1. Of everything in the stretch A:267-319, what is within 12 Å of chain B (Cβ to nearest Cβ), open to solvent by 10 Å² or more (accessible area, probe 1.4 Å), over 30 Å from A:ARG97 (Cα atoms) and touching a residue at least 60 places away in the same chain (Cβ under 8 Å)? Give them in sequence order.
2. Name every residue in the stretch A:233-262 that is in a loop (DSSP other than H, G, I, E, B) and over 31 Å from the mean Cα position of the chain (by Cα), in order of residue number.
3. If you go through the stretch B:191-200 one residue at a time, do you hit one that is in contact with a strand residue (DSSP E or B) (Cβ under 7 Å, 6 or more places away or on another chain) and open to solvent by 40 Å² or more (accessible area, probe 1.4 Å)?
4. From the list B:VAL87, B:VAL70, pick out the single residue that is surrounded by 23 or more Cβ atoms within 10 Å (Cβ to Cβ), on the phi < 0 side of the Ramachandran plot and modelled with pLDDT of 95 or more.
5. Among the residues of the stretch B:137-160, write down those that are over 17 Å from B:TRP123 (Cβ atoms) and surrounded by fewer than 20 Cβ atoms within 10 Å (Cβ to Cβ).
6. Name the single residue, out of those in the stretch B:60-78 being within 12 Å of DNA strand C (Cβ to nearest atom) and over 17 Å from B:LEU31 (Cβ atoms), that is nearest to the other protein chains (Cβ to nearest Cβ).
7. Anything in the stretch A:90-106 that is open to solvent by 10 Å² or more (accessible area, probe 1.4 Å), out of contact with any Phe, Trp or Tyr (no Cβ under 9 Å at 6 or more places or on another chain) and of a type outside the set (A, V, I, L, M)? List them, or say none.
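The values are calculated or read from the model by the stated rules, or taken from the named source; none is laboratory data. Everything quoted here is computed from the prediction, not taken from an experiment. Cβ atoms come from the backbone with ideal geometry, glycine included; neighbour counts cover every protein chain shown. Heads up: the accessible areas ignore ligands, DNA and RNA and are worked out on the full protein's heavy atoms, side chains in. Shrake-Rupley method; radii C 1.70, N 1.55, O 1.52, S 1.80 Å.
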2 protein chains.
Amino acid sequence: MSDSARPARMSTITDVAREAGVSVATVSRALRGLDRVSPETREKVIQVAEELNYMASPTATSLASGRTEVVGVVAPFLTRWFFASLVSAIEKSLRARGHHVLLFDLEDESYDSRLHLSQNLLWRRVDGVITLNLPMTDEELALLDRLALPAVAIGTPMPGHPCVRIDDADAMRQATEHLISQGHRRIAYIGAVPGNVAHVLTPQGRRRAFEETLAAHGIPLREEWVLNCDWTADAAAEHTSALLTCFSAAERPTAIVAASDEMAFGAMAAAHRLGLHVPDDLSVVGIDDHTLSNVLGLTTVRQDVEAQGQVAANLLLGALLDDQPLDPSVMTYVPTELVVRDSVAPPR
Amino acid sequence: MSDSARPARMSTITDVAREAGVSVATVSRALRGLDRVSPETREKVIQVAEELNYMASPTATSLASGRTEVVGVVAPFLTRWFFASLVSAIEKSLRARGHHVLLFDLEDESYDSRLHLSQNLLWRRVDGVITLNLPMTDEELALLDRLALPAVAIGTPMPGHPCVRIDDADAMRQATEHLISQGHRRIAYIGAVPGNVAHVLTPQGRRRAFEETLAAHGIPLREEWVLNCDWTADAAAEHTSALLTCFSAAERPTAIVAASDEMAFGAMAAAHRLGLHVPDDLSVVGIDDHTLSNVLGLTTVRQDVEAQGQVAANLLLGALLDDQPLDPSVMTYVPTELVVRDSVAPPR
DNA sequence: CTGAAAGCGCTTACAG
DNA sequence: CTGAAAGCGCTTACAG
């Protein structure tokens, strides 16, 4: 039965030193595998440490060494597929090399805003930070700088720090080109975001690429077919539904590209609910390859989220563990690929 | 530009003391709001601290005080809806009261096993732990005890510690009763788990309740209609598909209850793919009320995951902050409710 | 109300 | 190869 009143008494480095008949300095060196320790001494120390179930106190080590072996992972949301997958991959990569993740979920009440990083969240608490698709404010960038924290961005780049991401424009181009190659020219878009939502950038990049791809094929853009959305499936369903009911069958878009798979699910569901058949009445394509995309038969552009998390974690670990300085100009693109399933067909 | 080589030089308590013309002890007291400090002194200290942008080093504070103000959150997976939602809710509740979350994702290569908590993950690193649907091994329980760590469980109970959860049996009963009330008697089940999968318990409880509910209505259990599943939508789709193709239309189950919404999605998709209509050819009900359940029209038993995270976090914070000892016998049930949507209809 | 001092448990020059 | 000592930056009795 745990009892928070009774403090845990575990052995300290002093206990080990006494028991092994050496100084604490020697214990420290022996256990950390530093040289300048005789094999016999080391062996003895290790053995005693094991007997005593000794383990260096991370907090004492931190104070003395200046490193915490924890990295801050900061996200604007957590409950969406992309972010949860990222955190999971990062946590595993870091733990494999003795580091831990302190998690910050900056989600606010509304999609329009988010909380901000502050000194008390990071100062002496983490050795570095990984941002997940988070445009940093100038104040936040200044904070990282002042705290001298190495950082790497995933998704949305962070000025002055390396970044790993997919090529949003390219991914969107693949999605849109796929529709066009099937003969679609009446194509709607869901996932635009109002100008005041400044804490997410992905929407801008993808939308621009959509418009450019249309333009490259001489397809005129229909502003009223570019739908705003907070990137949830529910909102996507609503907006898609509104769009589809606005037009007669002949006037309607024949396809819709969603800037994320979750929105694509919403679009498919909306069509379904209106008695329209996907893909025959409406083709849908997304970006992500969400866990549910396979089962729902969604044609999409896959991004490897796990790989992005691993690359970012290892970049940071290189700086932390191997003194490989981070190159601020690094921009690592993880490739994407079109995954054809059942949600796209030629227009009727 | 961040430069990990240049160490951050921030002011320490000594700087503040010097500047304010008092001792470090006084600074410590003044800033922490302890009594026995004259108003003028306190004011002066606070002012100087602000000027110097001073902030106590958490690692030094930890070493001196013995508390880290971080709690370990440990989950068997992270990328599933239930867990991500829980982590998000917990992080917010903890941060609101000055605590942080150190995240442990114990997911292993296979669904059949998981990694284990060990001393080096927790010792002197966290003040307490919250487990997410995780049956603890005896060794892990002993570890918590040895480290004297207060802990609370969410979902799967943890012997000797309080727990917050839903009533699995009741939730499953609601789901199954709903089907029966609509006239179904040929009901399949998906979400059973082989006996060797010992690190998740929810499947057992739900399955038992399903069988009991059938029995209560005098409906014989068909073993071959109880489907194993690793609780992913993909596997659920496969198994459902196999089941549905095994039988002629007249011999088939008319409904299926899924032990989670993600599996329900799989079941719906499988039916759809076989040309069967949900709910007319096959009714489907789940448990959860996943973010996507609304858009997909799934009838389900809703559980309030956010509430579970908040209750657990506040329970732990009570022990940590207010010295309210944790009562090991506490079992808090968060209510569930049936949410009727479009995936259930009377059998043909 | 305030300060000097010990202590938290390590690491890291510095001697030897 | 090893130890004594200072130092990391706080908190906490203990005096006064």
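1. A:MET268, A:VAL278
2. Of everything in the stretch A:233-262, those that are in a loop (DSSP other than H, G, I, E, B) and over 31 Å from the mean Cα position of the chain (by Cα) turn out to be A:PHE247, A:SER248, A:ALA249, A:ALA250, A:GLU251, A:ARG252, A:PRO253, A:THR254.
3. Applying the first criterion (in contact with a strand residue (DSSP E or B) (Cβ under 7 Å, 6 or more places away or on another chain)) to the stretch B:191-200 yields B:191-194, B:199.
Narrowing the set further to residues that are open to solvent by 40 Å² or more (accessible area, probe 1.4 Å) leaves B:194.
Within the stretch B:191-200 (the criterion being in contact with a strand residue (DSSP E or B) (Cβ under 7 Å, 6 or more places away or on another chain) and open to solvent by 40 Å² or more (accessible area, probe 1.4 Å)), the answer is yes, since at least one residue qualifies.
4. Numbers: B:VAL70 fails: surrounded by 23 or more Cβ atoms within 10 Å (Cβ to Cβ).
After applying the criteria, what remains is B:VAL87.
5. In the first step, residues of the stretch B:137-160 are kept if they are over 17 Å from B:TRP123 (Cβ atoms); the result is B:137-138, B:152-160.
Result: B:THR137, B:ASP138, B:PRO157, B:PRO159, B:GLY160.
6. Top of the filtered list is B:LEU63.
7. A:LYS92, A:SER93, A:ARG97, A:GLY98
Residue by residue, here is whether (1) closer than 18 Å to B:GLN174 by Cα; (2) touching a Pro at 6+ places or on another chain (Cβ under 6 Å); (3) in the same structural domain as B:LEU94 (by TED's automatic domain parsing) holds:
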position: B:ILE256; (1), (2), (3): yes, no, no
position: B:MET268; (1), (2), (3): no, no, no
position: B:LEU274; (1), (2), (3): no, no, no
position: B:ASP280; (1), (2), (3): no, no, no
position: B:HIS290; (1), (2), (3): yes, no, no
position: B:LEU296; (1), (2), (3): no, no, no
position: B:GLY309; (1), (2), (3): no, no, yes
position: B:ALA313; (1), (2), (3): no, no, yes
